[in-house]
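Only one structure is covered here, and it is reproduced in the block below.
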Ligand SMILES: Nc1nc2c(ncn2[C@@H]2O[C@H](COP(=O)(O)OP(=O)(O)O)[C@@H](O)[C@H]2O)c(=O)[nH]1
């Protein structure tokens, strides 16, 4: 087994474990490269028939390409797609200058409402340890309390692929099947498996997005990488952080930490 | 490029783990300009010069208290391969996080300060490396700058460390003198320790191997779940050791049902065989009722089936483990309730001295030699042969509270 085979085998094991332990679960799909890779792995784990819903948290501020790609793939893969939007907050209009408040209202709260409605016990998320310092502290199975708080100072031990399987009623568990992948791993895998990816990642007129989210908070990086191969080459030679173009990470050293402690993805 | 290796760095608090990691990332060009800038800014805010330890201690509280609370991971690479570094906290209250981190590693670096020498957590962490079965270990004697790069002091601390490790059955592959702050003997040799002729720490790391292939061991395929995709019933799981092929006669334990492999199931991919490490599915010829937790093997190479198990257990919960207590045991995909029948010995995990024989309970961070009775028989193996079936966790209330290694019954 090569490196990608090993990463894949572990992720599939974790995805199957989450479904077996919790049954009523959902996968969060932001349509970005990471969660699209997670979706690919999840289809593999269940032989093409994912036995639970796939949820898109729609802030209404996403790129058009994201909506088009989402609807096309949902149909092609026969997904049980849930679109959750915090309609009240969207209707009242958002002030993007406070990222913390905007993300809280449109993402975290929209997610809270969806969980409350469907009583999901666990959520699959495509976060990776190398993305951001704070995310490096995550476990594969990570409990959140009723208020979505992440008690990162007192996490249960996790060893030998034995993940947290029991929870109290008020918790839900965040499951992170691709926690151990790096950004380059993701692209190498996209190449090997030929996973279709939103165009925004590929360079146009000397710029591309390395990380995608809401339009007002994402800026492209300088790049000529317009193919997967060129992206892999670019990543192997750069040392600029992946999320350098994301506003949440810039505003304040601790914004990301605050967001996560409050239940952000 | 070879496959990546998981590396854990352990040792007593303040002996320099975080600093060493920061140094490694810096010297291998892994810190982005944003990170270096952030590092400088935060170091300045708290009134310090460039403090490499901040690279890992990314949480605000940790910055303020200056201790590593949880395990954190990051990546670096040499010309030879990629490394995933797991930084494990030194403080005794955080031992469960250290165990979590170390359980993911193939290689361990045990860091010992040249000034202080072996301390309590050095010993406890060394014990855990032994418990987890880590065999590729490098000892680094750090802070050599504080002892004037003295060869004598290096030898003294080296002897002290080696003699402790030998009581745990650990033989370090290398003992390297370093200064994490100055960088000597980490990625570069430097000029100040010419008495030392061995490899630098990075050179030493590059000599290690990843996990050995388990294809040639007997087949052990613990069933994880059963998917009904009409008309098929697919038994899914990960092959922990050995190989399988369509047409193989197979046996399920503990139920002792037999069948033949009909197909190997991978999504949109044809396959007739599969080997250790792969997450796969299979279908079998007979319509048997097989559940999660059964272990599929080839007839003729039978594992041990037992409901009374002796084991060494490392307890990681604030609430003590009591004799007679009912707990939940998980070994590979086997899950069932059990009773702690006896605590034959209660041991101090820092030096493995016996605190008490026939104890009534063991406390947080202590080791127990236990006899456990499971409600039903389970499949076990010698840990040194098929790790996944030779180790288990105990769940108390809602959380994993202990890791244990099976002591195989005498034949
Ligand atoms: N003089 C000297 N100080 C060091 C060295 N390595 C670490 N330190 C200092 O020792 C203290 C503890 O280091 P840290 O990396 O936080 O230790 P940890 O608790 O093991 O992670 C910090 O003040 C470091 O600056 C070294 O090689 N030389």
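Read-outs throughout are calculated quantities, based only on the coordinates presented, and are distinct from any laboratory measurement. Keep in mind that this is a model prediction, so the values were computed, not measured. We place every Cβ from the backbone using ideal geometry, glycine too, and count neighbours over all the protein chains shown.
Give me the extension gain from residue B:384 to residue B:213: residue separation times 0.36 nm, minus the current Cα-Cα distance, reported in nm with one decimal.
60.2 nm
Convex hull over the Cα atoms of the stretch B:142-230, averaged projected area in nm²?
Numbers: hull surface 42.7 nm².
Its average projected convex-hull area is 10.7 nm².
Round to a whole angstrom and tell me the spacing of the C-alpha centers of the stretch B:132-171 and the stretch A:64-130.
The stretch B:132-171 and the stretch A:64-130 have Cα centres separated by 51 Å.
What distance in nm separates the simple spin-label points at residue B:336 and residue B:322, each placed 7 Å from Cα in the Cβ direction?
2.5
Just want the ordering: B:52, B:154, B:195, B:392, from fewest to most Cβ atoms lying within 10 Å of their own Cβ.
By the 10 Å Cβ count, ascending, the order reads B:195, B:154, B:52, B:392.
Taking 0.36 nm per intervening residue step and subtracting the Cα-Cα distance, what contour gain separates residue A:100 from residue A:119 on full extension?
Values: separation 19, 0.36 × 19 = 6.84 nm, distance 2.58 nm.
The residue A:100-residue A:119 span can extend by a further 4.3 nm.
Using only helices, what value at 222 nm comes out for chain B when you add -39,500 (n - 2.57) per DSSP H run of length 4 or more and divide by the total residues, to the nearest 500 deg cm²/dmol?
Details: 7 runs with 73 residues, N = 411.
Estimated from H runs of four or more residues: -5500 deg cm²/dmol.
What angle do you read, to the nearest 10 degrees and between 0 and 90, between the alpha-carbon axis of helix B:17-27 and the longest principal axis of chain B?
Rounded to the nearest ten degrees, it is 80.
Just want the ordering: B:248, B:79, A:185, from fewest to most Cβ atoms lying within 10 Å of their own Cβ.
Arranged by neighbour count, lowest to highest, B:248, B:79, A:185 become B:79, B:248, A:185.
Let me have the relative contact order for the stretch B:221-297, percent, based on Cα pairs under 8 Å that are six or more residues apart.
Here the relative contact order equals 39 percent.
Rounded if a/c is under 1.5, else prolate if a/b is larger than b/c, else oblate: which is the stretch B:221-297, with a ≥ b ≥ c the root eigenvalues of its Cα gyration tensor?
In terms of gyration-tensor shape, rounded.
Where does helix B:120-131 land angle-wise versus the long Cα axis of chain B, in degrees 0 to 90, nearest 10?
Here the helix axis deviates by roughly 30 degrees.
Ranking A:70, B:330, B:292 by Cβ neighbours within 10 Å, fewest first, what do you get?
Final ranking by Cβ density, sparse to dense: B:292, B:330, A:70.
Which whole-number percent is the relative contact order of the stretch B:282-411 (Cα, under 8 Å, 6+ apart)?
Rounded, it is 31 percent for the stretch B:282-411.
Could you tell me the distance between the Cα centroids of the stretch A:1-17 and the stretch B:367-389, to the nearest Å?
Here the answer is 25 Å between Cα centres.
Identify which of B:114, B:102, B:359 has the largest mean-square fluctuation in a Gaussian network model of chain B, with springs joining Cα atoms closer than 10 Å.
Evaluated over chain B, the most mobile residue of the options is B:359.
Whole Å is fine, so just give me how far the alpha carbon centre of the stretch A:196-238 lies from that of the stretch B:187-252.
Taking the Cα centre of the stretch B:187-252 as reference, the centre of the stretch A:196-238 is 34 Å away.
Mind giving me the FRET efficiency for residue A:67 and residue B:353? R0 is 56 Å, r the Cβ-Cβ distance, nearest 0.05 is fine.
Computed FRET efficiency for residue A:67 and residue B:353 comes out at 0.30.
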